[in-house]
Ligand code: UGA
């Protein structure tokens with residue numbers, strides 16, 4: 001009989017996982033405590049922007065393989081239960097808030113059938129899985145717990161879930177591994193690397209991967225600072241070092257740095273956990289990674305002041321981009337919005353455009369102005385900031401929009417625009433890590 005699967009927590013991770021697992025032919029029930037979210041999902045609507053997800057979700061619901069509920073008892077027939085709830089940063093510390101993970105385990109434990117498997121997917125401090133397993137065995141010794149970290153990127157969530165570049169499973173016995181192999185059979189058949197690990201290693205793979213990615217970005221942003229000081233060009237430098245396959249050219253895009261719901265909080269939680277383990281020194285460098293990242297935001301504001309004036313009062317700044325990255329409407333810890341808010345606090349009038357993220361941005365930053373039209377956003381601007389590299393911004397014709405602004409100066413905070421084209425159209429062009437050409 002085909003496996004029945006429950007997914008607890010239907011945010012980015014859970015909703016995507018539920019739809020993708022259903023598309024493999026399994027019967028899936030998604031459960032969340034948020035009735036509004038569940039109501040939307042049950043209608044085949046995704047409460048956030050993620051390319052391809054809505055189509056997949058809707059087709060799996062109509063195929064009868066996927067359903068949603070706020071009632072936890074709906075999970076009782078499942079053979080595998082995935083925990084996909086969030087682990088945000090705690091308000092008063094660097095550590096992760098584990099309340100949702102703990103609550104999910106406590107909700108599943110008494111309901112799970114004997115012989116079933118609970119699988120954690122949330123990003124958690126190392127040691128969590130072992131702790132939860134112990135807690136589970138006290139309540140329901142006939143159920144096991146494994147950890148299976150997720151590496152999906154927002155904007156590519158469906159692709160990354162259906163065709164992951166590796167599958168990592170933290171297990172304590174062969175039976176748990178076999179059950180997960182049954183679920184992921186199509187990936188295994190397609191040759192996806194399968195890594196069996198113990199529980200702590202599986203948890204660590206996830207935070208180590210995100211720490212490495214954050215380090216790569218901060219490394220290139222540190223090089224951008226040096227390029228600025230020495231008159232070099234970080235985009236050329238990145239391209240040149242990237243040809244060395246040991247370095248690789250991905251994730252070396254210098255600019256205003258990383259944001260989102262994962263990298264910033266994951267490196268902080270990792271440092272906090274290392275401290276608890278007495279291994280604080282090993283991750284000291286992540287503090288520097290975090291500082292370089294936040295400094296990139298401050299450096300853009302310095303550029304704004306340099307190109308306008310120390311006094312930003314009465315200036316209109318047009319911001320292109322609010323999401324923490326393109327192809328997403330996620331504004332959690334968005335560098336673009338952080339910069340916009342700081343400039344606004346310094347007295348400027350800031351108008352922000354984004355093709356997808358305005359609704360979310362408005363909720364978090366009600367004091368900023370937003371506009372759905374690029375032209376209206378640029379209208380009368382003293383300066384334009386390009387802060388999220390959506391494709392539509394690369395397609396702007398700089399000569400066409402020059403007449404809209406008061407002063408044709410653009411700062412490319414993502415090093416993604418065609419500098420020559422903007423300069424040829426008569427714009428003053430500024431970027432992080434590149435010497436000024438005009
Ligand atoms: C990240 C990881 O890439 C995923 O593998 C992981 O599964 C996910 O976190 C998670 O933990 O759930 P995501 O948050 O979607 O995925 O975003 P990334 O694509 O990693 O981008 C993070 C930030 O870095 C963005 O703000 C992006 O603009 C910035 N970035 C990325 C750069 O500034 N430069 C680059 O070269 C690349």
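Normalized C-alpha radius of gyration of the chain, against 2.2 N^0.38 Å?
This ratio for the chain stands at 1.05.
Can you give the Kirkwood hydrodynamic radius of the range 198-438 from its Cα pairs, in Å with one decimal?
18.6 Å
What distance in nm separates the two pseudo spin-label positions at residue 71 and residue 91, each 7 Å out from Cα along the beta-carbon direction?
The modelled label-to-label distance comes out at 3.4 nm.
Using only DSSP helix segments of four residues or longer, with each worth -39500 (n - 2.57), what per-residue ellipticity at 222 nm results for the chain after dividing by its residue count and rounding to 500?
Calculated at 222 nm, the ellipticity per residue is -13000 deg cm²/dmol.
Where the convex hull is taken over the Cα atoms of the range 148-292, what is its projected area averaged over directions, in nm²?
10.6 nm²
Which of the peptides 122-128, 360-366 is most tightly packed, and how do the rest follow, judged by the mean count of other Cβ atoms within 10 Å per residue?
Result, highest mean first: 122-128, 360-366.
Expected output is a single nm value to one decimal: the length gained when fully extending between residue 103 and residue 313, i.e. 0.36 nm times separation in residues minus the C-alpha distance. What is it?
70.8 nm
Kindly put 300, 7 in sequence by how many other C-beta atoms sit within 10 Å of each C-beta, fewest to most.
300, 7
Need the full-extension length gain, residue 306 to residue 2, defined as separation in residues times 0.36 nm minus the C-alpha distance. One decimal, nm.
Additional length available on full extension: 103.1 nm.
How big is the equivalent ellipsoid of the range 46-187 along its three axes, where each semi-axis is √(5λ) from the Cα gyration tensor, reported in whole Å from largest to smallest?
24, 20, 17
Treat the count of other C-beta atoms within 10 Å as a stand-in for reagent exposure and order 39, 225, 203 from fewest to most.
39, 225, 203
Classify the range 83-162: rounded, prolate or oblate, from the alpha-carbon gyration tensor (a ≥ b ≥ c, eigenvalue square roots; a/c under 1.5 rounded; otherwise prolate if a/b is larger than b/c)?
oblate
Fewest Cβ neighbours within 10 Å first, please rank 306, 325, 181, 265 accordingly.
306, 181, 325, 265
With no solvent and one equal point scatterer per Cα, compute the Debye intensity ratio I(q)/I(0) for the range 31-105 at 0.12, 0.16, 0.26 Å⁻¹ and report its log10, rounded to two decimals.
Taken in order of the listed q values, log10 I(q)/I(0) reads -0.43, -0.73, -1.25.
Quick one: length gained pulling residue 33 to residue 135 fully straight, 0.36 nm per residue minus the C-alpha distance?
Net length gain for the segment: 34.5 nm.
From Cα pairs below 8 angstrom and at least 6 apart in sequence, can you work out the relative contact order of the chain, rounded to a whole percent?
12 percent
Report the Cα centroid-to-centroid distance between the range 404-418 and the range 238-255 in angstrom, as an integer.
Computed from Cα coordinates, the inter-centre distance equals 24 Å.
So how compact is the range 242-351: Cα radius of gyration and Dmax in angstrom?
Both quantities, over Cα of the range 242-351: 16.9, 51 Å.
Using a ≥ b ≥ c from the Cα gyration tensor of the range 158-207 (square roots of the eigenvalues), is it rounded, prolate or oblate, where a/c under 1.5 gives rounded and otherwise the larger of a/b and b/c decides, a/b for prolate?
oblate
Working from the alpha-carbon coordinates of the range 260-308, get Rg over Rh, Rh being the Kirkwood radius.
Ratio value, two decimals: 1.19.
Taken together, the values in this text are just the output of simple stated rules run on the coordinates, not laboratory data. Keep in mind that this is a model prediction, so the values were computed, not measured. Neighbour counts are summed over all protein chains in view; Cβ atoms, including those assigned to glycine, are modelled from backbone coordinates with ideal geometry.
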